[in-house]
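The next block holds one structure in the form of structure tokens; read it before the comments.
The values are calculated or read from the model by the stated rules, or taken from the named source; none is laboratory data. It should be emphasised that the depicted structure is a prediction, and the values quoted were computed from it without experimental measurement. In this analysis, Cβ positions are derived from the backbone assuming ideal geometry, glycine residues included, and neighbour counts consider all displayed protein chains. All accessible areas refer to the heavy atoms of the entire protein, side chains included, with ligands and DNA or RNA removed. Shrake-Rupley method; radii C 1.70, N 1.55, O 1.52, S 1.80 Å.
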Amino acid sequence: MSDEAIDTLQDSLERIRTKSAFICDMDGVLYHGNRLLDGADRFITWLQRENKRFLFLTNSSERSPKELHQKLARMGVDVGPEHFYTSALATASFLASQKPEGSAYVIGEAGLINALYEVGYAMNDINPDYVVVGESRNYNTETLFHAVSLVRGGARLIGTNPDLTGPTERGIAPATGALITPIALAAEAEPYFIGKPNPLMMRSALKRLESRREETVIIGDRMDTDIKSGLESEIETVLVLSGVTDLSRAESFAYRPHHILEGVGAIAS
């Protein structure tokens, strides 16, 4: 690394460390599957020691904050459930603001269903206000056909996030964006996605942190969700190369992150 590159990296680290609030993606930033990434534990300890406000944000709707807390605990990191925010929670909040105490037909896992229950939504497979699609291990032709029928009958189509794929312990799997596409095409409906890069999720995160954009930074490994959502919300962005994006891939986008790091451990070093 050249002296100029070292100086640039040090400038980036110093600027990042001055921020008082951190919004941080999880998979590809803190862990891969069930493996904690190098330096992630140091970064979390640094956040806690420096009394930073922080929120771990995920586009996945599958798990609840309690389950995410338990997942990190199994990796040896103790972070309270209040530090996690998911696209399921953001979706539930949005629907509750649009139609309080409405109903939904849900294709998704417990994290999404529980989030909707908590805001007063009922599960309805006859005449729901919304068809809501998230990550699902039980997606099949029957649920697909039924969802299309409901949307054609007037239910509005919501996706928890637009991601086409997501990492699992068994490799790359279809995510919400891929699962909702056949429904949208067959029902001739345009789905509305709540998760990143929708600025709605960023605004919800800022409210939870009680933080202003200027004092916040977002850290992620995906240009098309994490970095794009930060830029569109006017929040300073940090791309880490520990996940799905390498330098050549990052340079293919029309926009750039404010900072690029090998991993979050550098912030705490």
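Phi-derived couplings, Karplus 6.51 cos²θ - 1.76 cosθ + 1.60 at θ = phi - 60°, listed residue by residue for region 56-72: 8, 10, 9, 6, 5, 9, 6, 10, 7, x, 5, 5, 5, 4, 5, 4, 5 Hz, with x used for Gly and Pro. Note on ARG249 and ASN34: the extension gain reaches 74.9 nm, defined as 0.36 nm multiplied by sequence separation minus the Cα-Cα distance.
A simple count of charges around THR18, restricted to other residues whose Cβ falls under 14 Å of its Cβ and scoring Lys, Arg +1 and Asp, Glu -1, yields 0. Between helix 3-17 and the chain there is an angle of about 60 degrees, using the helix long axis and the longest principal axis of the Cα atoms.
Suppose we keep just the DSSP beta bridges with both residues in region 88-193; what percent of those would be antiparallel, to 5?
Working: 4 of 16 bridges.
Around 25 percent antiparallel, to the nearest 5.
If you sort ASP221, ASP11 by accessible surface, 1.4 Å probe, largest first, the order is ASP11, ASP221.
Note on region 132-223: with neighbouring protein chains present and a 1.4 Å probe, carbon and sulfur make up 53 percent of its accessible heavy-atom surface.
What FRET efficiency comes out for ASN114 versus GLN48 if R0 is 30 angstrom and r is the Cβ-Cβ distance? Round to the nearest 0.05.
Working: r = 27 Å, r/R0 = 0.91.
Computed FRET efficiency for ASN114 and GLN48 comes out at 0.65.
Please identify which residues in region 81-101 have an amide N closer than 15 Å to a label point set 7 Å out from the Cα of ASN124, following the Cα→Cβ vector. Backbone N within reach: 95-101. For PHE54, the residues 5 or more places off, or on other chains, whose built amide H falls under 5 Å of its own are PHE22. Near the amide H of GLU236, within less than 5 Å, lie the amide hydrogens of THR216, ILE218, all on another chain or at least 5 residues away, with H placed in the peptide plane. When all protein chains stay in place and ligands, DNA and RNA are ignored, the 1.4 Å accessible-area order of ILE260, ILE267, largest first, is ILE260, ILE267.
For GluC sites (Glu not before Pro), the sites in region 86-172 that DSSP calls loop and that have at most 15 other Cβ atoms within 10 Å are GLU101, GLU169. Fully extending the segment from GLU188 to ALA173 would add 2.9 nm, taking 0.36 nm per residue of separation and subtracting the current Cα-Cα distance. Placing a pseudo-label 7 Å from each Cα along the Cα-to-Cβ vector at SER20 and ARG213 gives an inter-label distance of 1.8 nm.
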